Amino acid sequence: MPPIKLAIIGAGPSSFYVASRLLASLPPSSPHHSALRIHMYDRLWAPHGLVRYGVAPDHPEVKNCTHKFDDAASDLRLQFFGNVNIITTPPIAPVPGSVMLPLKSLISHYTHLLLSSGCTLPTLHPALPPSDDCVSALSLVHWYTQHPSVVHKPPPPLEKYKHVSIIGQGNVSLDVARMLLTPPSTLEKYDVPESVLEVLRRSSIKHVSILGRRGPLQAAFTTKELREMMNLEDSSMVPIDHTHLAIPEGTKLTRQQSRTMQLLQKGSKNKPGLDFQDLVVGLLRSPTGLAPPLSSLASPSLPYTLSLAHNELSPEMRAIPTGETSTLRTSMVVTALGHQAEPTIPWYDPSLRHVRAVGSRVVNETGHTMKNVYASGWAAMGARGVLVSTMIDAYGVADTMLADSFPEQFYKEGDALRSATDGGSLGDLSEVMAKEADLDSVPEEVLDAKATGNVTDYNDWRMIDQEEVRRGEKLGKERERMNWEDAKAFLGRMGGSL
Amino acid sequence: MLSPAVDSIRRRSIHLTAACQHGDITRPAPGTGIKLHFKDSKGNLIKTVEANEGDDVLSIAHEHDIDLEGACEGSVACSTCHVILDPNSYDLLPEPEDDENDMLDMAFGLTDTSRLGCQVQLTRELDGMTATLPSATRNMFVDGKKPTHH
Ligand SMILES: Cc1cc2nc3c(=O)[nH]c(=O)nc-3n(C[C@H](O)[C@H](O)[C@H](O)COP(=O)(O)OP(=O)(O)OC[C@H]3O[C@@H](n4cnc5c(N)ncnc54)[C@H](O)[C@@H]3O)c2cc1C
Ligand code: FES
């Protein structure tokens, strides 16, 4: 049997869960144990994707999954290459410090490819073009997690803002609201960089409105996040209009929906009062425009006017404008409308806004399955679901890969693509990957960059991880993050400054 | 100096890392412990094990190399440790707390007797309980060989 020499684009949770399942499925007792090599490439110098650069700092438990990733990385068949950006066309916004590796150079060294590059672009709102005071939630997430792409960008001027409008009602909008409303004295024990805490301490934000175009039953946030929102120590929620909480006759609520409704009806732990920051959950509202500041008139802290169209729900649960409108004075608008994959990733489907894949296997634009090319995680499914769904998907992808490579051992029942064609074959396949590959070869560009100290491996990451925790301990917090410059200096590589 | 909250995060993670590497719970002398049967998603018995009062199902699974995930290591933040209990045992347990219910909302293949393994602690009454692991992937392998007809 030919070996699996797999290149993975992306080193987020999906990538690690696929790798971990492959490694565990071919243990030392397996005849195929030594026929597996996995090289994981990420354009960021640190691994773990959104677990490091996404998950909110006040959710430290979620990051415990990295212990499993560390275990996978201790298997010698897995290697991590950080700071390597796999490109098909020159990128619009290159990540500072990362090495560009054309896809063509990559695939000549590998028999298998997994696209696990996530959904890294925020979905924008047509009526709300980005500006200094109208930003995506992702850009705030990047700021408070110190994502490598924001290192030289100025922090948000929170001292200027009194009222923030968040558009969209998913977990990311609640993460951002929590970060803005939680007292810095509570956040400072977590993995929040000192530079971020400084900005949060200066914040003048008193009011946050979270606006969604549909009703409470359609909101995407999970009960856990909503409950946290209701229990914020220094904030209260303005009770929701009862008509918005009425359940249409004949609607059968899911378990999650009925718990969400109960929570919204009960309201926040702190009852609205003078001393609290307040939070408004606005339902059935769609932004239609943001009017720029009217010079320094009336209210300098609330310079913008956000126009909102009021909606009602159609029988199909679509948001339909009622014709009524209203306005909201605000200082800053944050759009939290989901994420999509980058159009430059290979086998990107513009109508799906992520990779075109059927049952884990990548399909080209003419509908042919690409031999030995797979996709997983947000790159394959779009930006939905939490880690448990990402994990379950990843295990399915690993199982498909094993079934395709070692059918006598791992044949899968009910594999739609296989059973559709005679004799369990996949029909016409397009081939791009190498037929055979030296198990340990690595593209020359990567070796060259490694020699200059610009590519990280998992041991580098382990050292930095420990050092970040050590620096955090000194400050009485979970960890103090390093950026690439700090990390380079710590690793004793050239070009660092500390 | 660590603040108490950080200290508890760290203690928890140290404690739970140890759980993954075994040794967090002690096995009772054979024949003296509380019996627990683990089954796979098809209802086949994986293993019957013995454990002590107070041990949780996730730690017991890890102690005995049973493939139950625990991504957040028992912090009620992931739902990957979802197990399905036999109805009698389920009824003997206290109702899940809000935080457990919040995570169960997101579990795959939720049933009326689903619980988070990390939150179920054994008592003598639960002797003979069955914990079934839900299917870990969308499709499951057919055990062993490719079926001959289909
Ligand atoms: C703000 C935010 C908060 C979240 N919080 C939670 C939470 O609390 N709990 C929870 O369960 N889930 C949470 N999620 C969801 C969770 O993060 C996702 O389910 C999961 O990260 C998806 O994994 P992935 O590996 O597919 O993608 P990612 O985690 O996005 O990983 C993709 C990786 O690919 C790399 N990459 C992209 N393009 C290239 C390229 N061309 N070359 C090389 N590398 C590339 C990226 O740098 C990145 O590291 C959150 C998501 C977001 C956006
Ligand atoms: S291990 Fe995460 S909820 Fe039980």
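The values are calculated or read from the model by the stated rules, or taken from the named source; none is laboratory data. Remember, it's a predicted structure, so these values are computed and weren't measured experimentally. Here the Cβ positions follow ideal geometry from the backbone for every residue, glycine too, while neighbour counts run over all protein chains shown. Note: accessible area is taken over every heavy atom of the protein model, side chains too, but ligands, DNA and RNA are not part of it. Shrake-Rupley method; radii C 1.70, N 1.55, O 1.52, S 1.80 Å.
Laid out as a table, the results:
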{"read-out": "Entirely in the range A:278-350, the strands (runs of 3 or more DSSP E) that have 1 or more residues that are of a type in the set (D, E) and at pLDDT 95 or above", "value": "A:319-330"}
{"read-out": "So A:H368, is it of a type outside the set (V, I, T), at pLDDT 95 or above and in contact with an Asp or Glu (Cβ under 6 Å, 6 or more places away or on another chain)", "value": "no"}
{"read-out": "Breaking point among (1) open to solvent by 80 Å² or more (accessible area, probe 1.4 Å); (2) more than 20 Å from A:P156 (Cβ to Cβ), for A:A341", "value": "(1)"}
{"read-out": "Those residues of the range B:19-60 which are open to solvent by less than 60 Å² (accessible area, probe 1.4 Å), away from chain A (no Cβ under 11 Å) and modelled with pLDDT under 90, in sequence order", "value": "B:D24, B:I25"}
{"read-out": "Residue selected from the range A:344-360 under the condition charged (D, E, K, R) and over 18 Å from the mean Cα position of the chain (by Cα), by the criterion least open to solvent (accessible area, probe 1.4 Å)", "value": "A:D349"}
{"read-out": "Among (1) in contact with a helix residue (DSSP H, G or I) (Cβ under 9 Å, 6 or more places away or on another chain); (2) aliphatic (A, V, I, L, M); (3) open to solvent by 20 Å² or more (accessible area, probe 1.4 Å), the one test that A:V208 misses", "value": "(3)"}
{"read-out": "Scope the range B:41-68; condition within 9 Å of ligand 2 (Cβ to nearest atom) and in contact with a Lys or Arg (Cβ under 8 Å, 6 or more places away or on another chain); matching residues", "value": "none"}
{"read-out": "Residue check, A:A93 at pLDDT below 95 and either buried (at least 23 other Cβ atoms within 10 Å of the Cβ) or aliphatic (A, V, I, L, M) (or both)", "value": "yes"}
{"read-out": "Top-ranked residue in the range A:30-41 [being assigned to a helix (DSSP H, G or I) and of a type outside the set (A, V, I, L, M, F, W, C); ranked as nearest to ligand 2 (Cβ to nearest atom)]", "value": "A:H33"}
{"read-out": "Of all residues making up the range A:444-474, the number that are part of a loop (DSSP other than H, G, I, E, B) and over 28 Å from the mean Cα position of the chain (by Cα)", "value": "1"}
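Let's see how each residue does on (1) more than 28 Å from A:L187 (Cα to Cα); (2) away from every other protein chain (no Cβ under 14 Å); (3) open to solvent by less than 20 Å² (accessible area, probe 1.4 Å); (4) within 16 Å of ligand 2 (Cβ to nearest atom):
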residue: A:A11; (1), (2), (3), (4): no, yes, yes, no
residue: A:S15; (1), (2), (3), (4): yes, yes, yes, no
residue: A:L22; (1), (2), (3), (4): yes, no, yes, no
residue: A:S25; (1), (2), (3), (4): yes, no, no, no
residue: A:R43; (1), (2), (3), (4): yes, yes, no, no
residue: A:P47; (1), (2), (3), (4): no, yes, yes, no
residue: A:V51; (1), (2), (3), (4): no, no, yes, yes
residue: A:P57; (1), (2), (3), (4): no, no, yes, no
residue: A:P60; (1), (2), (3), (4): no, no, yes, yes
